[in-house]
(Lines give C-alpha, C1' and ligand atoms only; values in the text may rest on other atoms or scores of the structure.)
Protein backbone atom coordinates (compact mmCIF):
# COMPACT_ATOMS: atom_id res chain seq x y z
CA UNK A 1 0.00 0.00 0.00
CA UNK A 2 1.20 3.46 -0.89
CA UNK A 3 1.20 5.63 2.25
CA UNK A 4 1.53 8.85 0.25
CA UNK A 5 -1.70 8.29 -1.66
CA UNK A 6 -3.96 11.32 -2.07
CA UNK A 7 -6.86 11.53 0.37
CA UNK A 8 -9.50 11.50 -2.39
CA UNK A 9 -8.03 8.31 -3.84
CA UNK A 10 -7.78 6.80 -0.36
CA UNK A 11 -11.47 7.45 0.31
CA UNK A 12 -12.37 5.94 -3.07
CA UNK A 13 -10.31 2.83 -2.30
CA UNK A 14 -11.94 2.48 1.11
CA UNK A 15 -15.38 2.55 -0.52
CA UNK A 16 -14.30 0.16 -3.27
CA UNK A 17 -12.85 -2.42 -0.86
CA UNK A 18 -15.84 -2.15 1.49
CA UNK A 19 -18.25 -2.76 -1.40
CA UNK A 20 -16.14 -5.63 -2.75
CA UNK A 21 -15.93 -7.27 0.64
CA UNK A 22 -19.66 -7.02 1.23
CA UNK A 23 -20.53 -8.45 -2.18
CA UNK A 24 -18.03 -11.30 -1.93
CA UNK A 25 -19.27 -12.21 1.57
CA UNK A 26 -22.85 -12.36 0.29
CA UNK A 27 -21.87 -14.64 -2.60
CA UNK A 28 -19.77 -16.82 -0.28
CA UNK A 29 -22.69 -17.13 2.13
CA UNK A 30 -24.96 -18.31 -0.70
CA UNK A 31 -22.36 -20.77 -1.99
CA UNK A 32 -21.85 -22.16 1.50
CA UNK A 33 -25.60 -22.66 1.87
CA UNK A 34 -25.63 -24.60 -1.43
CA UNK A 35 -22.84 -27.02 -0.48
CA UNK A 36 -25.04 -29.46 1.50
CA UNK A 37 -27.56 -29.63 -1.35
CA UNK A 38 -24.81 -30.28 -3.90
CA UNK A 39 -23.33 -32.95 -1.65
CA UNK A 40 -26.72 -34.65 -1.16
CA UNK A 41 -27.36 -34.61 -4.91
CA UNK A 42 -23.98 -36.18 -5.67
CA UNK A 43 -24.47 -38.71 -2.91
CA UNK A 44 -27.78 -39.78 -4.51
CA UNK A 45 -26.06 -40.07 -7.88
CA UNK A 46 -23.43 -42.37 -6.34
CA UNK A 47 -25.91 -44.77 -4.80
CA UNK A 48 -27.72 -43.24 -1.87
CA UNK A 49 -27.07 -43.60 1.82
CA UNK A 50 -24.06 -45.90 1.97
CA UNK A 51 -20.70 -44.83 3.29
CA UNK A 52 -19.20 -45.63 -0.10
CA UNK A 53 -21.61 -43.22 -1.81
CA UNK A 54 -20.68 -40.56 0.73
CA UNK A 55 -16.96 -41.01 0.08
CA UNK A 56 -17.52 -40.92 -3.68
CA UNK A 57 -19.58 -37.74 -3.35
CA UNK A 58 -16.91 -36.08 -1.18
CA UNK A 59 -14.20 -36.86 -3.74
CA UNK A 60 -16.30 -36.11 -6.80
CA UNK A 61 -14.62 -33.42 -8.96
CA UNK A 62 -17.91 -31.50 -9.18
CA UNK A 63 -18.17 -31.27 -5.38
CA UNK A 64 -14.49 -30.35 -5.07
CA UNK A 65 -15.03 -27.64 -7.68
CA UNK A 66 -17.92 -26.28 -5.59
CA UNK A 67 -15.73 -26.23 -2.49
CA UNK A 68 -12.89 -24.54 -4.40
CA UNK A 69 -15.31 -21.92 -5.72
CA UNK A 70 -16.55 -21.20 -2.18
CA UNK A 71 -13.01 -20.97 -0.81
CA UNK A 72 -11.91 -18.62 -3.60
CA UNK A 73 -14.85 -16.26 -3.04
CA UNK A 74 -14.37 -16.37 0.73
CA UNK A 75 -10.67 -15.60 0.23
CA UNK A 76 -11.54 -12.62 -1.95
CA UNK A 77 -13.95 -11.36 0.71
CA UNK A 78 -11.21 -11.60 3.34
CA UNK A 79 -8.65 -9.88 1.11
CA UNK A 80 -11.05 -7.03 0.44
CA UNK A 81 -11.89 -6.76 4.13
CA UNK A 82 -8.20 -6.55 5.07
CA UNK A 83 -7.59 -3.90 2.40
CA UNK A 84 -10.62 -1.96 3.61
CA UNK A 85 -9.43 -2.04 7.22
CA UNK A 86 -5.85 -1.15 6.31
CA UNK A 87 -6.87 1.83 4.19
CA UNK A 88 -9.35 2.94 6.86
CA UNK A 89 -6.60 2.85 9.49
CA UNK A 90 -4.38 5.02 7.27
CA UNK A 91 -7.24 7.49 6.80
CA UNK A 92 -7.88 7.61 10.56
CA UNK A 93 -4.18 8.01 11.31
CA UNK A 94 -4.02 10.98 8.95
CA UNK A 95 -7.04 12.56 10.63
CA UNK A 96 -5.44 12.05 14.03
CA UNK A 97 -2.18 13.64 12.88
CA UNK A 98 -4.06 16.63 11.46
CA UNK A 99 -5.91 17.14 14.74
CA UNK A 100 -2.68 16.83 16.74
CA UNK A 101 -0.91 19.36 14.52
CA UNK A 102 -3.86 21.70 14.70
CA UNK A 103 -4.04 21.41 18.49
CA UNK A 104 -0.30 21.99 18.90
CA UNK A 105 -0.51 25.17 16.78
CA UNK A 106 -3.32 26.53 18.97
CA UNK A 107 -1.38 26.07 22.21
CA UNK A 108 0.02 29.32 23.64
CA UNK A 109 3.80 29.52 23.50
CA UNK A 110 5.63 30.32 26.72
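The values are calculated or read from the model by the stated rules, or taken from the named source; none is laboratory data. Everything numeric here is computed off the predicted structure, so don't read it as measured data. Counting neighbours? That spans all protein chains shown, and the Cβs are built from the backbone with ideal geometry, glycine included.
What are the residues in the range 26-42 that are more than 23 Å from the chain's Cα centre (by Cα) and under 14 Å from residue 64 (Cβ atoms), if any?
Taking the range 26-42 and keeping what is more than 23 Å from the chain's Cα centre (by Cα), we get 37-42.
Within the range 26-42, 38, 39, 42 qualify.
Residue-wise test of (1) modelled with pLDDT of 95 or more; (2) touching a helix residue (DSSP H, G or I) at 6+ places or on another chain (Cβ under 7 Å); (3) in a helix (DSSP H, G or I); (4) within 30 Å of residue 10 (Cα to Cα).
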residue: 47; (1), (2), (3), (4): no, yes, no, no
residue: 63; (1), (2), (3), (4): yes, yes, yes, no
residue: 76; (1), (2), (3), (4): yes, yes, yes, yes
residue: 80; (1), (2), (3), (4): yes, yes, yes, yes
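Given the options 99, 94, 38, 25, name the one that is free of Cβ contacts under 8 Å to residues at least 12 places away in the same chain and either surrounded by 14 or more Cβ atoms within 10 Å (Cβ to Cβ) or in a helix (DSSP H, G or I) (or both). Quick ask: steps written out before the conclusion?
Numbers: 94 fails: free of Cβ contacts under 8 Å to residues at least 12 places away in the same chain; 38 fails: free of Cβ contacts under 8 Å to residues at least 12 places away in the same chain; 25 fails: free of Cβ contacts under 8 Å to residues at least 12 places away in the same chain.
Just a single option satisfies the conditions, and that option is 99.
Scan the range 49-59 and tell me whether some residue there is assigned to a loop (DSSP other than H, G, I, E, B), surrounded by fewer than 17 Cβ atoms within 10 Å (Cβ to Cβ) and either at pLDDT below 95 or touching a strand residue (DSSP E or B) at 6+ places or on another chain (Cβ under 8 Å) (or both).
For the range 49-59, residues assigned to a loop (DSSP other than H, G, I, E, B), surrounded by fewer than 17 Cβ atoms within 10 Å (Cβ to Cβ) and either at pLDDT below 95 or touching a strand residue (DSSP E or B) at 6+ places or on another chain (Cβ under 8 Å) (or both): present.
Which members of the range 2-17 meet the condition of being surrounded by 14 or more Cβ atoms within 10 Å (Cβ to Cβ) and more than 21 Å from the chain's Cα centre (by Cα)?
Result: 5, single match.
In the range 60-71, is there at least one residue being closer than 30 Å to residue 40 by Cα and touching a residue at least 40 places away in the same chain (Cβ under 8 Å)?
From the range 60-71, those closer than 30 Å to residue 40 by Cα are 60-71; that's our starting set.
Narrowing further to those that are touching a residue at least 40 places away in the same chain (Cβ under 8 Å): 70.
For the range 60-71, residues closer than 30 Å to residue 40 by Cα and touching a residue at least 40 places away in the same chain (Cβ under 8 Å): present.
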